[in-house]
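What follows is a set of notes on a single structure, which appears directly below.
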């Protein structure tokens with residue numbers, strides 16, 4: 001039996017994206033970013049349910065009502081297209097989020113089925129997580145109780161003053177950039193969120209640590225980046241196009257490698273159609 005419940009948090013404002021909608025709902029290769037992320041988890045045997053947490057406004061737009069918790073198990077044929085697509089991608093439930101990310105995570109935790117011993121928490125803005133990394137993460141979580149995907153810092157780090165002058169170089173030797181999913185024993189993470197939710201944290205591992213929890217690190221792929229800026233979106237578009245080409249997509253190159261926002265393109269390739 002699958003032991004993990006997956007919670008996808010889709011509450012980012014998209015302010016740095018300069019978008020007219022929440023980040024999870026911006027278009028990536030002509031489909032909502034959230035849908036790409038949900039599909040990344042399809043076929044992962046360790047995951048038995050997928051819960052999406054989204055803002056109340058977006059949830060109301062999809063459902064046409066004020067439901068705070070809806071099952072996607074038996075949607076009517078006339079349901080919103082995105083809800084139908086998410087259900088087809090394996091999403092089992094959508095719940096309303098809160099004012100902060102950690103409030104949204106807690107709402108998601110309350111919706112997790114009692115049968116699941118573990119939870120994975122994932123950002124909706126990371127659509128390129130790999131099945132191999134998920135398998136390793138699940139195994140490490142079973143061994144240690146808590147583990148996150150992360151990647152060693154590569155760039156030289158500088159501490160910068162308010163006037164944009166460098167004050168010192170920071171050693172990167174022991175520094176890793178945290179990614180998601182972050183995975184935990186469900187009851188231990190729930191206990192941490194219930195006891196320390198007044199604290200402002202930037203990720204779930206920090207909340208877990210406030211409760212005395214230790215968390216292991218699993219090195220994740222650098223492709224598991226978070227789409228935050230318009231430039232990140234361009235990279236994501238290019239990666240999808242490149243993967244389509246490698247998979248033998250027979251559409252004309254102009255239909256795959258297209259101009260990106262701002263008039264730029266990363267892969268300016270011409271490949272004849274078959």
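Using the structure shown, decide if residue 149 is in contact with a strand residue (DSSP E or B) (Cβ under 6 Å, 6 or more places away or on another chain) and modelled with pLDDT under 95.
On the way: in contact with a strand residue (DSSP E or B) (Cβ under 6 Å, 6 or more places away or on another chain): yes; modelled with pLDDT under 95: no.
Criteria not met by residue 149.
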Has segment 182-190 got any residue that is more than 30 Å from residue 244 (Cβ to Cβ) and loosely packed, with under 15 Cβ neighbours inside 10 Å?
-> yes
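This table checks each residue for (1) free of Cβ contacts under 8 Å to residues at least 24 places away in the same chain; (2) closer than 21 Å to residue 122 by Cβ; (3) outside any loop (DSSP other than H, G, I, E, B).
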residue	(1), (2), (3)
209	yes, yes, yes
218	no, yes, yes
222	no, yes, no
225	no, yes, no
233	no, yes, yes
239	no, yes, yes
242	no, no, yes
245	no, no, yes
Only one of 90, 98, 113, 65 that is within 19 Å of residue 182 (Cα to Cα) and either touching a strand residue (DSSP E or B) at 6+ places or on another chain (Cβ under 8 Å) or in the same structural domain as residue 35 (by TED's automatic domain parsing) (or both) | 113
Sole exception among (1) within 15 Å of residue 50 (Cα to Cα); (2) touching a helix residue (DSSP H, G or I) at 6+ places or on another chain (Cβ under 8 Å); (3) not in a loop (DSSP other than H, G, I, E, B) for residue 102, by number = (1)
Filtering strands (runs of 3 or more DSSP E) wholly in segment 1-96 for at least 3 residues that are modelled with pLDDT of 95 or more and under 25 Å from residue 148 (Cβ atoms) gives 4-9, 47-54, 93-96
Any idea which of (1) within 15 Å of residue 186 (Cβ to Cβ); (2) surrounded by fewer than 17 Cβ atoms within 10 Å (Cβ to Cβ) is the one residue 108 doesn't satisfy?
-> (2)
Residue 139 fails exactly one of (1) surrounded by fewer than 19 Cβ atoms within 10 Å (Cβ to Cβ); (2) assigned to a loop (DSSP other than H, G, I, E, B), namely (2)
Selected residue [surrounded by fewer than 21 Cβ atoms within 10 Å (Cβ to Cβ), assigned by TED's automatic domain parsing to the domain that holds residue 42 and under 29 Å from residue 240 (Cβ atoms)] from 134, 223, 210 = 223
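The values are calculated or read from the model by the stated rules, or taken from the named source; none is laboratory data. Only a predicted model underlies this, so the values are computations on that prediction, with no experimental measurement involved. Cβ coordinates were reconstructed from backbone atoms using ideal geometry, including for glycine residues, and neighbour counts include every protein chain displayed.
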